[in-house]
Amino acid sequence: MTCRRGAIIVLEGVDKAGKTTQCKKLVQTLQDNGVPAEMFRFPERTTKIGQLISSYLENKNNLEDHTVHLLFSANRWELVPLMKEKLEQGISLVVDRYAFSGVAFTSAKPGFSLDWCMNPDVGLPKPDLVMFLKVNPSEAARRGQYGTERYETSAFQNAVQQRFEKLMKDPTINWQVIDAARNIEDVHTDIMNHSVNAINKAANTPIGELWK
Ligand SMILES: Nc1ncnc2c1ncn2[C@@H]1O[C@H](COP(=O)(O)OP(=O)(O)O)[C@@H](O)[C@H]1O
Ligand SMILES: [Mg+2]
């Protein structure tokens, strides 16, 4: 019998929805229950491409909008061999943002169609589950000041939220909307339940290809 593969579980949402908090908790609870799991995040700022993205986000350098979109996509692609290796070892990946953020952010800029934005990510390993942490922007704003990075303004975050709503209409993706306005533990319980289901379901199916 072949080894059960791990699942790809993605958390999406606007800034301060609680993605990083919940990714860390999910990995911990899965591990505590004997389920192999590791966290991934995008952008992954430690690679060469990631460093370019990071200094762009910190407003330390300017990049042309198409170029930066392609760099974000390249940053996902460069991690694909490692992701596949882990999945084949039976490790589930809990991913803090993925292609959906990439598309939602660039397509919130003027002159970018959803279709153009999706193209570079077509064929990435397809998530078995994508949870959208939903909080209204005013609730998110109460969780603290926006930082000083690019995109961290409420007007831009509102536009991003609208693009996510469009992406969530895609029935080829296993979207689950999570009410992330609740306390951290209640949100976690919900996320854990969806994740266990996805991990069990993914185990004996091949890894899919995103948007193909
Ligand atoms: N359910 C929640 N209720 C209240 N505050 C939260 C909740 N989840 C996260 N936070 C807080 O909100 C801030 C943003 O959380 P974070 O996980 O970094 O969000 P994201 O990664 O989506 O930007 C942090 O200070 C975190 O402690
Ligand atoms: Mg975060």
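The values are calculated or read from the model by the stated rules, or taken from the named source; none is laboratory data. Just so it is clear, the structure is predicted and the values come from calculations on it, not from any experiment. Counting neighbours? That spans all protein chains shown, and the Cβs are built from the backbone with ideal geometry, glycine included.
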Per-region count, the stretch 5-37, residues of a type in the set (D, E, K, R), at pLDDT 95 or above and either part of a loop (DSSP other than H, G, I, E, B) or under 14 Å from the mean Cα position of the chain (by Cα) (or both): 4
Odd one out for residue 103 among (1) in contact with a Lys or Arg (Cβ under 6 Å, 6 or more places away or on another chain); (2) crowded, with 22+ Cβ neighbours inside 10 Å: (1)
First in the stretch 195-209 and without any contact (Cβ under 8 Å) to a residue 12 or more places away in the chain, second anywhere and among the small types (Gly, Ala, Ser) and in a helix (DSSP H, G or I), Cβ under 6 Å, 6 or more apart: none
Output for the stretch 161-194, where each listed residue is in contact (Cβ under 8 Å) with a residue 40 or more places away in the chain and in contact with a strand residue (DSSP E or B) (Cβ under 7 Å, 6 or more places away or on another chain): 164, 173, 174, 175, 176, 177, 178, 179, 180, 187, 191, 194
Single unsatisfied condition, residue 94 versus (1) hydrophobic (A, V, I, L, M, F, W, C); (2) in contact with a Cys (Cβ under 8 Å, 6 or more places away or on another chain); (3) in a helix (DSSP H, G or I): (3)
Filter result for residue 185 (away from ligand 1 (no atom under 15 Å from the Cβ), more than 23 Å from residue 54 (Cα to Cα) and among the acidic types (Asp, Glu)): no
Neighbours by Cβ (under 6 Å, 6+ apart or cross-chain): first from the stretch 97-114, touching a residue at least 12 places away in the same chain (Cβ under 8 Å); second of a type in the set (Asp, Glu) and surrounded by fewer than 24 Cβ atoms within 10 Å (Cβ to Cβ): 99/121; 109/65
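Which of the residues belonging to the stretch 50-75 are closer than 26 Å to residue 26 by Cβ and either touching a strand residue (DSSP E or B) at 6+ places or on another chain (Cβ under 6 Å) or away from ligand 2 (no atom under 16 Å from the Cβ) (or both)?
73
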Of the criteria (1) within 12 Å of ligand 1 (Cβ to nearest atom); (2) in contact with a Leu (Cβ under 6 Å, 6 or more places away or on another chain); (3) within 14 Å of residue 192 (Cα to Cα), which one residue 9 fails: (1)
Matching helices (runs of 4 or more DSSP H) fully within the stretch 124-212 where at least 2 residues are modelled with pLDDT under 95 and surrounded by 14 or more Cβ atoms within 10 Å (Cβ to Cβ): 137-141, 154-167
Candidates 75, 119 - the one that is in a helix (DSSP H, G or I) and touching a Gly at 6+ places or on another chain (Cβ under 6 Å): 75
